[in-house]
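> Take a look at this one; I'll ask things after.
The values are calculated or read from the model by the stated rules, or taken from the named source; none is laboratory data. Since this is a predicted model, take the numbers as computed values, not measurements. Virtual Cβ from ideal backbone geometry, glycine too; neighbours counted across all protein chains shown. The protein model used for the area step is the full one, side chains on, heavy atoms only, and it has no ligands, DNA or RNA in it. Shrake-Rupley method; radii C 1.70, N 1.55, O 1.52, S 1.80 Å.
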Amino acid sequence: MKVTKILAVILALGTLFTLAACGTGKTAQTNAGVKLKVLDTAYVSEDYAICVAKENTDLLFKINTALGELIDNGTVKKIVDNYISNVPDNLTFQQNTDGMPVLKMATNATFPPYEFVQDNKIVGIDADIAAAIADKLGMKLVIQDMEFDSIISSVATGKSDIGMAGLTVTPDREESVAFSLSYATGVQSIIVPENSPITSVDALAADGATYTIGVQQNTTGDLYATDQFGAERVRQYNSGADAVSALVTGKIDCVIIDNEPAKAFVAANNK
């Protein structure tokens, strides 16, 4: 993981977590200086794709053609390895775009390493892949940062051309938008305090278990957890950072979120 990039966007979390006051969650004995960990067992794996308005079949074809070429020539892998494994990709995008038609990308820039803010600019895996696609299409990429809940509707109504935010293809989302080829595989993981009695996914599903689960609202982690464990055990937050903050302050027992952001949040907290 590209820790130098990721920690820049969530550095403030470290301060927040170390100053956290005692809460009421079952797993928090003392909340000052709580250390976190990501469980070794994954909750679920899923494929990420780009969403496009259902009626915009021409753009979807162009996106798929460009994305397929970028996958085949290794560009996508280089971008992913740059942010995940800290392997420099030496790639440059969007060098001369003045006067070109605009490709508007909707995202939620709180999801490192896929999208986050660094030096007042939205960067990350999705941002770079979108820029590479825009270059192939002869377009200028404009990234629109918004609430995660708004991305699908923004694309469906034509306010944005594409949506990229670690989006998983689901039947519900396919009712509103169309999806491209998959460009990455995400893994939903579980964050817990280091001394937590939750040691595996099975602990959450055990008979009589009442552990509360934090999620970012309307993400697939939210959908999966609510479906499996019931809405009464799930606490929804506007961002992954808010969910992790609630975990540190003892308000919930664990967080279900994508693995790479999970590792980033844990690294920032435990710094």
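> May I ask you to say which residue of 122, 79, 84, 71 is within 30 Å of residue 242 (Cβ to Cβ), of a type in the set (Val, Ile, Thr) and more than 14 Å from the chain's Cα centre (by Cα)?
On the way: 122 fails: more than 14 Å from the chain's Cα centre (by Cα); 84 fails: more than 14 Å from the chain's Cα centre (by Cα); 71 fails: within 30 Å of residue 242 (Cβ to Cβ).
Just a single option satisfies the conditions, and that option is 79.
> For residue 66, which of the numbered conditions (1) within 20 Å of the chain's Cα centre (by Cα); (2) among the aliphatic types (A, V, I, L, M); (3) crowded, with 17+ Cβ neighbours inside 10 Å fails to hold?
Residue 66 satisfies all of (1) within 20 Å of the chain's Cα centre (by Cα); (2) among the aliphatic types (A, V, I, L, M); (3) crowded, with 17+ Cβ neighbours inside 10 Å except (1).
> I'm told residue 97 meets every condition in (1) modelled with pLDDT under 95; (2) touching a strand residue (DSSP E or B) at 6+ places or on another chain (Cβ under 6 Å); (3) not in a loop (DSSP other than H, G, I, E, B) except one. Can you identify the failing condition by its number?
Status for residue 97: all satisfied but (3).
> How about the stretch 107-137: which of its residues are open to solvent by 30 Å² or more (accessible area, probe 1.4 Å) and either assigned to a loop (DSSP other than H, G, I, E, B) or hydrophobic (A, V, I, L, M, F, W, C) (or both)?
Once the filter is applied, which keeps residues that are open to solvent by 30 Å² or more (accessible area, probe 1.4 Å) and either assigned to a loop (DSSP other than H, G, I, E, B) or hydrophobic (A, V, I, L, M, F, W, C) (or both), the stretch 107-137 yields 117, 119, 120, 122, 137.
> Are there strands (runs of 3 or more DSSP E) fully within the stretch 161-261 with at least 2 residues that are modelled with pLDDT of 90 or more and of a type in the set (A, V, I, L, M, F, W, C)? List them.
Working: elements: 177-193, 213-216, 234-237, 254-258.
Hits in the stretch 161-261: 177-193, 213-216, 254-258.
> Then there is this: Give the residues of the stretch 150-207 that are exposed (fewer than 13 other Cβ atoms within 10 Å of the Cβ) and within 28 Å of residue 71 (Cβ to Cβ), sorted by residue number.
Result: 158, 171, 172, 174, 175, 185.
> Also, quick follow-up: Can you name every residue in the stretch 242-271 that is of a type in the set (Gly, Ala, Ser) and crowded, with 22+ Cβ neighbours inside 10 Å? Talk me through it step by step, then tell me what you get.
From the stretch 242-271, those of a type in the set (Gly, Ala, Ser) are 243, 245-246, 250, 262, 264, 267-268; that's our starting set.
Hits for the stretch 242-271 are 243, 262, 264, 268.
> Are any residues in the stretch 39-90 part of a helix (DSSP H, G or I), modelled with pLDDT under 95 and not charged (D, E, K, R), and if so, which ones?
Residues satisfying the conditions are 80, 82, 83, 84.
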